[in-house]
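Take a look at the structure set out below.
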Amino acid sequence: MFRRSRPTHDVEVIATAPLTSTLLRITLGGPTLSRLGIEHPTQWVKLAIPEGPSRAYTVRHHRPAACEVDIDVVLHGNGPAARWASVARPGDRARIAGPRGRRPDVDGAGRLLLAADESALPAALTILDQLPTTVSVFAWFEIAEDGDALPLATRAELTTHWLPRGGSHPKGRLLTDALLATDVPADSAAWIAGEATAVGTVRRHLLTDRALPRDRVHAKGYWKHGEADHQG
Ligand SMILES: Cc1cc2nc3c(=O)[nH]c(=O)nc-3n(C[C@H](O)[C@H](O)[C@H](O)COP(=O)(O)OP(=O)(O)OC[C@H]3O[C@@H](n4cnc5c(N)ncnc54)[C@H](O)[C@@H]3O)c2cc1C
């Protein structure tokens, strides 16, 4: 499929800071980042690591005046991007291209179901950042362990379920089980992202068993067990 080429930006690592046991915040700076043009939640960039492949990462924060972005990277250890991140140091160079990604349309929903694993937690948090006070959000966030729950800030009415795997559940299982068991009022919208098979199962359930309209269910596989560079 033809893809419009996106502006690229030369960047370097400004700082790194662990957020949880599995998420590392990397602040990237570059002279052209003031023009990155982030317009709505969940937008992402392709991060090209030196002499390596490109992978998708959510822009968690963009500070145009400072020419900086924050990306929050899961240190899962199995792929080139995760390995690069785990040893990234200030001054290391990379390139980003973008931004990409559509606006998640949740306008008019009385209730928003938000479900994410660690890879999609940064994107889910960009949604929470911008929600109005009028929506009730029910959020399920699958994390590695208890201590990985992050402080959440939103104007919306929020009920959060943190789902720590605690080393005893395969990634995606807790999220799937929780969403399949929850009530889904007819005026709900849903945004779900994370491991692709889990996301697909939840999406089918919401469309088929819960009869949510297609345009109310935003679901995207951010990665897939056993597959490098999954294109969701
Ligand atoms: C729109 C979008 C936004 C995204 N935003 C973020 C983000 O903000 N932060 C983030 O960390 N990821 C994010 N991702 C997911 C990220 O692009 C993938 O996890 C990517 O595969 C990582 O590349 P890699 O080189 O580390 O591993 P790859 O080379 O792609 O994969 C190597 C192996 O690692 C496994 N793997 C990949 N990702 C994970 C994971 N998260 N946990 C466990 N195993 C994994 C694969 O199954 C494969 O077996 C996003 C994806 C999309 C599509």
*Identity of the residue in segment 181-205, touching a residue at least 60 places away in the same chain (Cβ under 8 Å) and surrounded by fewer than 23 Cβ atoms within 10 Å (Cβ to Cβ), that ends up farthest from GLY108 (Cα to Cα)*: THR182
*Mind checking whether some residue in segment 99-109 is modelled with pLDDT under 95, near the ligand (Cβ under 7 Å from one of its atoms) and of a type in the set (Gly, Ala, Ser)?*
yes
*Going by the structure shown, is ASP148 within 17 Å of the chain's Cα centre (by Cα), surrounded by fewer than 17 Cβ atoms within 10 Å (Cβ to Cβ) and among the acidic types (Asp, Glu)?*
no
_Name the single residue that is farthest from the ligand (Cβ to nearest atom) among those in segment 206-232 being crowded, with 16+ Cβ neighbours inside 10 Å and assigned to a strand (DSSP E or B)._
VAL217
*Do we find that ALA178 is modelled with pLDDT of 95 or more, more than 19 Å from ASP107 (Cα to Cα), away from the ligand (no atom under 16 Å from the Cβ) and not in a loop (DSSP other than H, G, I, E, B) in this structure?*
yes
_Restricting segment 43-75 to residues that are at pLDDT below 95 and more than 9 Å from the ligand (Cβ to nearest atom), the residue that is nearest to the chain's Cα centre (by Cα)_ = PRO50
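The values are calculated or read from the model by the stated rules, or taken from the named source; none is laboratory data. Note that the coordinates shown come from a computational prediction; the quantities given were computed from them, not determined experimentally. Because the Cβ atoms are built from the backbone with ideal geometry, glycine has one as well, and the counts that use them run over all protein chains shown.
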